[in-house]
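**Student:** Just dropping this structure here.
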Amino acid sequence: MWEEEQICPTCCRNSRYGERHKYCRGDLEGLTCLWAYEGIARKLITRAKYSGQFDVLEFLISNFQFSNKPEMFKFSKFIEMGPVMVPVPLYPKRERERGFNQAEIVSQVVAKLVNLRSVNLLIRIKDTGRQVGRERKLRLEVMSGAFNITPRPPLNLRWGANILLVDDVWTTGATLRECAKVLKKAGVDSIWGLVLAR
């Protein structure tokens with residue numbers, strides 16, 4: 001089922017539109033989760049990541065109607081600002097082994113649906129290994145310093161730029177928060193997160 005209850009990307013408590021609460025601090029202005037990580041959504045995402053059947057990601061996304069859901073109101077407003085979509089990168093060795101980056105595929109599919117540009121702006125400079133099964137504290141520790149801006153960015157980052165940061169699954173938020181921190185240091189003004197499931 002689709003993820004009806006959106007959360008604040010800082011405290012992870014309910015937030016109707018997925019906006020960061022006014023009393024929370026963080027680099028993500030908001031977070032949109034399309035599906036609950038259970039049932040068919042979980043099976044399809046797992047199949048895509050570990051069996052190479054990434055065409056199922058397009059199926060998941062194309063069957064989601066962004067404009068028809070009231071919880072997507074603030075997300076839709078952010079899309080209207082024309083952000084650049086940036087997928088969370090895999091460590092190069094992991095991407096070679098897998099043959100693709102699932103976050104990049106998600107970003108490209110959504111970009112076509114909402115008429116935006118998807119750009120590989122980040123690189124993963126630290127092999128963090130698999131996050132599955134790790135406790136929150138350890139996830140935060142291993143993600144620290146894991147990302148950087150690509151040496152030759154395909155676009156100029158400047159104050160006022162808007163980024164839609166894309167990944168497949170939100171668990172603790174450590175990955176997206178670390179990516180957002182790097183982008184904010186590079187000069188990006190506003191960052192919203194988008195994940196397939198939580």
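Please treat every number below as a calculation from the coordinates, not as lab data. Owing to the predicted nature of the structure, the values given are computational and were not obtained by experimental measurement. Ideal geometry is used to build each Cβ from the backbone, glycine not excepted, and the neighbour counts take in all protein chains shown.
**Student:** On the first, second and third principal axes, largest extent first, how far apart are the outermost C-alpha atoms of the stretch 30-197 in Å?
**Tutor:** 37, 37, 28
**Student:** For A186 and R16, FRET efficiency with R0 = 25 Å and r from the beta-carbon atoms, rounded to 0.05?
**Tutor:** Numbers: r = 30 Å, r/R0 = 1.21.
In this case the efficiency is close to 0.25.
**Student:** For the pair K43 and Y91, what calculated FRET efficiency results from E = 1/(1 + (r/R0)^6), where r is the Cβ-Cβ distance and R0 = 22 Å, to the nearest 0.05?
**Tutor:** Calculated transfer efficiency: 0.30.
**Student:** Please go through the residue pairs K93/K184; K22/K181; K22/K93 and name each one whose alpha carbons sit more than 29 Å apart in this structure.
**Tutor:** Values: K93/K184 26 Å; K22/K181 18 Å; K22/K93 39 Å.
Exceeds cut-off: K22/K93.
**Student:** Could I have the simple spin-label model distance between Y50 and M81, label points 7 Å from Cα toward Cβ, reported in nm to one decimal?
**Tutor:** In this crude spin-label approximation the distance works out to 3.7 nm.
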